[in-house]
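The values are calculated or read from the model by the stated rules, or taken from the named source; none is laboratory data. Just so you know, these numbers come straight off a predicted model, no measurement behind them. Note: ideal-geometry Cβ built from the backbone for every residue, glycine included; neighbour counts use all protein chains shown.
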Amino acid sequence: MLVFLRKTPKIDFMRLHILGFVLSGLLTLSSIVLFLTVGLNYGIDFKGGILIEARATTGDANLSEMRAKLDTLHLGEVALQGFGAPNDVLIRLPQQEGGDQAQEKTVKSVRDALGTGIEFRRVEVVGPSVGEELIRGGVLATVLSLLAIAAYVWFRFDWQFGVGAMVSTLHDVITTVGLFALLHLEFNLTTLAAILTIAGYSINDTVVIYDRVRETLRKYKTLDFKSVVNLALNETLSRTILTVSTVALAVLSLLIFGGEVLHGFSIAMLWGIVIGTYSSLFIAAPMLNYIRPSRGGSAAEAETAVSEPAS
């Protein structure tokens, strides 16, 4: 196993946990307020409309010229955005009245307006009813995943561990949504996939720490609970740093080279790595000090007690 820290550090995480709780509370409350007031910038997946991925075949895409041509069609608010290569452009059109035939007619009129110098590489049409269904499905998927995570941790450890894991993972999800509301980034199905990935990443880190907490509880039966949590966090800190570093490098590569399509996903994942690690250290583990699990453990018999570790 790779080791980043040759010696186990002696950081007093529990001394900072109240500050961590306060900061997390402020972040969560701010995220909820932003969601209710500013709202999310829903992508075409959720609010419906027409998305066209086009490429200029005669040189760089001239967005102002293309916008002027599309404005003559009077299709509503048209959004053009360059991405990837200089000749690539994303065109977003609002949902048109008249059903599927109206959408097909709109796409044809856009083709005719832009002319033969533009190649249509991808066309997506999403109706408002489909968007509402996707929103409901996304919320349901997120809630069920959180409940499944809590049930898994409860089954593997004790119910106290399940509560801590549920609270910390919910904190990560809410603050990620708040970040997208604050920055007004497009929220689409890719972003939702990132949020579910963040929940999985966060719980993976939390389970590793919880496993060490349970092991330490069995091993040092006379050690006070705060010292148990501190010892477990310090002993897993090397693994945490290595995991964060490797995942962050991979996500940075996606952010830099993945193009506009993966931009929101990459930002969500980068934030999720940071906030997921933070919540494991300063929310999930310290919460056990207030809802203390049994020192004997629930999954196996208690190990023989040994003397306390040297301070």
One residue from V229, V247 being buried (at least 19 other Cβ atoms within 10 Å of the Cβ) and of a type outside the set (D, E) = V229
Flagged in the range 152-208 as of a type outside the set (A, V, I, L, M, F, W, C), more than 12 Å from the chain's Cα centre (by Cα) and assigned to a helix (DSSP H, G or I), in numbering order, are Y152, R156, Q160, G162, G164, S168, N204, D205, T206
Quick check: is even one residue across the range 256-275 aromatic (F, W, Y), under 26 Å from the mean Cα position of the chain (by Cα) and at pLDDT 85 or above?
-> yes
More than 30 Å from F225 (Cβ to Cβ) and free of Cβ contacts under 8 Å to residues at least 60 places away in the same chain, is that true of V22?
-> no
By residue number, the members of the range 185-217 that are buried (at least 18 other Cβ atoms within 10 Å of the Cβ) and farther than 27 Å from E133 by Cα are S202, I203, D205, T206, V207, I209, Y210, R212, V213, R214, T216, L217
Taking helices (runs of 4 or more DSSP H) that fall entirely within the range 42-132, which contain at least 3 residues that are touching a strand residue (DSSP E or B) at 6+ places or on another chain (Cβ under 7 Å) and free of Cβ contacts under 8 Å to residues at least 60 places away in the same chain?
-> 63-71, 99-114
Scanning the range 41-60 for residues that are closer than 30 Å to Y278 by Cα and surrounded by fewer than 19 Cβ atoms within 10 Å (Cβ to Cβ) gives N41, Y42
Among I283, I241, I256, the single one that is part of a helix (DSSP H, G or I), buried (at least 20 other Cβ atoms within 10 Å of the Cβ) and in the same structural domain as A165 (by TED's automatic domain parsing) is I283
